[in-house]
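Here is the structure we will look at, set down as structure tokens.
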Amino acid sequence: MTQVLLGAVSLGILWSIMTIGVYITYRILDIADLSVEGTLPLGAAVACFMITRDINPYLASFCALLAGCLAGLCTGLLHTKLKIPALLSGILTMIALYSINLRVMGAPNLSILRMETVFRPLARAGMSNSAAIITVGGVCALLLIGILYWFFGTELGSAIRATGNNQRMVRAQGINTDTMKILGLVISNGLVGLSGALIAQSQSFADVQMGTGSIVIGLASLIIGEVLFGGKSFFRRLVALILGAVVYRLIIALVLELGMNPNDLKLFTAITVALALWLPQGRELLRTFRKLLAKEGN
Amino acid sequence: MLYIKDLTKVFNPGTVNEKTALTGLSLHLAPGDFVTVIGGNGAGKSTLLNSVAGVFPVDGGQVTLDGQDITRLSEHRRARYLGRVFQDPMMGTAADMNIEENLALAYRRGQRRTLKWGVSAAERAQYKDLLHELDLGLEKRLTDKVGLLSGGQRQALTLLMATLKAPKLLLLDEHTAALDPKTAAKVLALTQKLVEENHLTTLMVTHNMHDAIRLGKKTGGALDNDRLLLS
Ligand SMILES: Nc1ncnc2c1ncn2[C@@H]1O[C@H](COP(=O)(O)OP(=O)(O)OP(=O)(O)O)[C@@H](O)[C@H]1O
Ligand SMILES: [Mg+2]
């Protein structure tokens with residue numbers, strides 16, 4: 001049982017990096033970016049490809065991040081320069097990446113079993129696999145949170161946040177909203193690429209299908225984080241994303257333990273997200289209902 | 001200062017929704033002028049200001065500011081010369097960001113956004129003083145989200161943002177039309193004060209004849225069905 005729990009926590013931490021990426025587009029930029037479904041396996045593919053060539057796994061993970069950035073750039077250019085709606089731009093990139101990922105790996109999947117990964121050194125030092133993943137992934141996620149907290153407080157970061165809020169106002173302040181959107185997409189997909197690289201190293205393989213449904217997983221984690229741990233400060237919200245991703249994995253582990261057919265997982269996740277997305281309105285309804293009841297009572 | 005020559009704007013050309021909003025409009029503002037243009041709903045007032053601000057490309061004519069032809073300059077490039085207050089009080093500020101962040105965005109209008117911290121301590125003190133002068137109690141709410149403010153408060157803030165870094169030209173799109181009479185009077189008084197203090201060249205459009213005459217040192221004329229009638 002502890003094994004299952006530790007596994008869920010470690011997986012949650014690696015996916016939390018992806019969740020932070022989704023947060024940047026979905027919440028900060030107010031764009032639903034589907035390219036992440038292709039960027040996640042892209043990061044995995046790039047990292048695994050390089051690792052099979054005996055390249056340092058840290059360098060390989062960094063290159064996966066850069067590859068993700070490139071994918072984000074592609075979506076950003078489609079959206080801003082060719083004026084294709086954001087949703088469609090993301091889908092185009094996602095579809096294009098499917099072919100590219102197959103090219104990178106040379107096959108639908110690529111194993112790095114028994115090869116060096118970013119987690120191996122700690123495992124060799126005597127840590128269990130899950131503990132090594134939690135340590136490396138946790139440090140990585142916290143580091144990223146620190147950097148993002150700083151970045152979104154800078155002039156440039158503020159400009160990106162404002163762009164997700166009121167584009168006309170931002171242009172009136174002399175800021176190029178296209179550039180800001182591209183930048184946000186680049187950062188977001190970079191994080192997703194890195195997340196894919198770490199996930200692949202933790203499971204010792206990359207698979208061209210591993211991105212399928214990832215946007216929904218990201219959204220589910222994001223919403224769970226916001227509902228359970230959210231707060232007012234930006235830092236708190238970022239931490240909530242990590243916790244949300246971990247809780248999501250714990251829930252999945254739990255329903256699997258309870259005997260749910262793994263094939264039903266995606267349906268389960270989709271329904272959960274649909275319910276959760278409805279939640280703010282649901283709560284609003286409940287509040288007005290209570291107010292009405294209180295009034296009736298008086 | 002500002003020369004608008006033969007400005008023409010047609011929306012949705014070649015479709016059933018084709019709408020000529022401006023035809024051959026010319027207008028001149030000398031430095032320090034406060035010019036008002038009056039017009040009814042749909043006369044093309046917003047279109048005139050949006051054309052000057054570069055919100056959309058125009059179909060003919062020329063806009064020259066301080067000797068520079070800005071007709072083809074993109075909206076964000078022109079912004080460095082322009083202060084703008086919109087007709088819609090929600091339009092000029094970012095609702096999910098707090099008061100000081102909004103001011104800080106405006107304080108850097110036309111500048112490159114760097115990796116320096118978004119709001120400096122020195123700025124914060126300056127913002128407090130400026131907000132204090134507004135007399136709306138906003139100086140105590142620097143870290144409140146702008147979305148929590150009333151329309152009048154937001155419009156006053158937008159006005160402050162538009163003049164924070166003195167623009168070459170201030171564009172006011174009947175910025176008090178959506179406010180109640182009392183608040184509108186307050187915001188208009190503030191407008192006058194800020195314009196005088198900073199010696200701003202101002203182009204204001206309005207449907208209110210009274211405001212137009214009272215505030216404008218010159219009336220640019222009346223917009224009537226896409227044409228500017230001379231006063
Ligand atoms: N984006 C647009 N697309 C199509 N038509 C437009 C657009 N913007 C304005 N128009 C049309 O151009 C004409 C002038 O509009 P404009 O917004 O400039 O009027 P206005 O004088 O500002 O009116 P109001 O007092 O109601 O704000 C109107 O007939 C309007 O329907
Ligand atoms: Mg108007």
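The values are calculated or read from the model by the stated rules, or taken from the named source; none is laboratory data. Bear in mind the structure is a predicted one, so any value in this text is a computation, not a measurement. Quick reminder, even Gly has a Cβ in these numbers, built from the backbone with ideal geometry, and neighbours come from all protein chains shown. The area values use the complete protein model at the heavy-atom level, side chains included, leaving out ligands, DNA and RNA. Shrake-Rupley method; radii C 1.70, N 1.55, O 1.52, S 1.80 Å.
For the stretch B:62-70, the criterion of being within 12 Å of chain A (Cβ to nearest Cβ) and either open to solvent by 20 Å² or more (accessible area, probe 1.4 Å) or hydroxyl-bearing (Ser, Thr, Tyr) (or both) is met by no residue. In the stretch B:36-53, the residues that are within 14 Å of chain A (Cβ to nearest Cβ) reach residues that are near ligand 1 (Cβ under 6 Å from one of its atoms) with C-beta atoms within less than 7 angstrom, at least six apart or across chains, in these pairs: B:SER46/B:GLN87. If you check A:VAL136 against the conditions, is it touching a Phe, Trp or Tyr at 6+ places or on another chain (Cβ under 8 Å), surrounded by 17 or more Cβ atoms within 10 Å (Cβ to Cβ) and more than 14 Å from chain B (Cβ to nearest Cβ)? Here the answer is yes, as A:VAL136 does meet what is asked. Would you be able to tell me the number of residues in the stretch A:6-36 that are more than 20 Å from A:ILE224 (Cβ to Cβ) and either open to solvent by less than 10 Å² (accessible area, probe 1.4 Å) or assigned to a helix (DSSP H, G or I) (or both)? Residues that pass the stated criteria total 2.
Every test in (1) more than 8 Å from every other protein chain (Cβ to nearest Cβ); (2) assigned to a loop (DSSP other than H, G, I, E, B) is passed by B:GLY92 save one, and that test is (1). Tallying residues that are part of a helix (DSSP H, G or I), closer than 11 Å to B:ASN198 by Cβ and hydrophobic (A, V, I, L, M, F, W, C) within the stretch B:161-171 yields 2.
Within the stretch A:139-172, if we keep just the residues that are among the small types (Gly, Ala, Ser) and within 13 Å of chain B (Cβ to nearest Cβ), the residue that is farthest from the chain's Cα centre (by Cα) turns out to be A:ALA172.
There is no residue in the stretch B:9-31 that is away from ligand 2 (no atom under 16 Å from the Cβ) and crowded, with 21+ Cβ neighbours inside 10 Å. Between A:ILE84, A:ILE100, A:ILE95, the distinction of being modelled with pLDDT of 95 or more and either in a loop (DSSP other than H, G, I, E, B) or more than 19 Å from A:VAL208 (Cβ to Cβ) (or both) belongs to A:ILE84 only. Scoring B:GLN126 on the criteria (1) within 16 Å of ligand 2 (Cβ to nearest atom); (2) more than 13 Å from chain A (Cβ to nearest Cβ) leaves a single failure, condition (1).
Candidates B:ARG109, B:ARG113: the one that is within 8 Å of chain A (Cβ to nearest Cβ) and closer than 25 Å to B:GLU174 by Cα is B:ARG109. Residue check: is B:GLU101 outside any loop (DSSP other than H, G, I, E, B), open to solvent by 20 Å² or more (accessible area, probe 1.4 Å), within 11 Å of chain A (Cβ to nearest Cβ) and among the acidic types (Asp, Glu)? Here the answer is yes, as B:GLU101 does meet what is asked.
Based on this model, can you work out whether B:VAL52 counts as within 16 Å of ligand 1 (Cβ to nearest atom), surrounded by 21 or more Cβ atoms within 10 Å (Cβ to Cβ) and over 17 Å from the mean Cα position of the chain (by Cα)?
On the way: within 16 Å of ligand 1 (Cβ to nearest atom): yes; surrounded by 21 or more Cβ atoms within 10 Å (Cβ to Cβ): yes; over 17 Å from the mean Cα position of the chain (by Cα): no.
It is false that B:VAL52 is within 16 Å of ligand 1 (Cβ to nearest atom), surrounded by 21 or more Cβ atoms within 10 Å (Cβ to Cβ) and over 17 Å from the mean Cα position of the chain (by Cα).
Every condition in (1) buried (at least 20 other Cβ atoms within 10 Å of the Cβ); (2) out of contact with any strand residue (DSSP E or B) (no Cβ under 9 Å at 6 or more places or on another chain) is met by A:ALA206 except one, and the failing one is (2). Take B:GLY110 and decide whether it is touching a strand residue (DSSP E or B) at 6+ places or on another chain (Cβ under 7 Å), within 27 Å of B:ARG154 (Cβ to Cβ) and at pLDDT below 95. Considered against the rule, which asks whether it is touching a strand residue (DSSP E or B) at 6+ places or on another chain (Cβ under 7 Å), within 27 Å of B:ARG154 (Cβ to Cβ) and at pLDDT below 95, B:GLY110 comes out as no.
Quick grid of which residues meet (1) within 16 Å of ligand 1 (Cβ to nearest atom); (2) farther than 21 Å from B:LEU22 by Cβ; (3) assigned to a strand (DSSP E or B); (4) open to solvent by 10 Å² or more (accessible area, probe 1.4 Å):
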| position | (1), (2), (3), (4) |
| --- | --- |
| B:GLN192 | no, yes, no, yes |
| B:GLU196 | no, yes, no, yes |
| B:MET204 | yes, no, yes, no |
| B:ALA212 | yes, no, no, no |
| B:ALA222 | yes, no, yes, yes |
| B:LEU228 | yes, no, yes, yes |
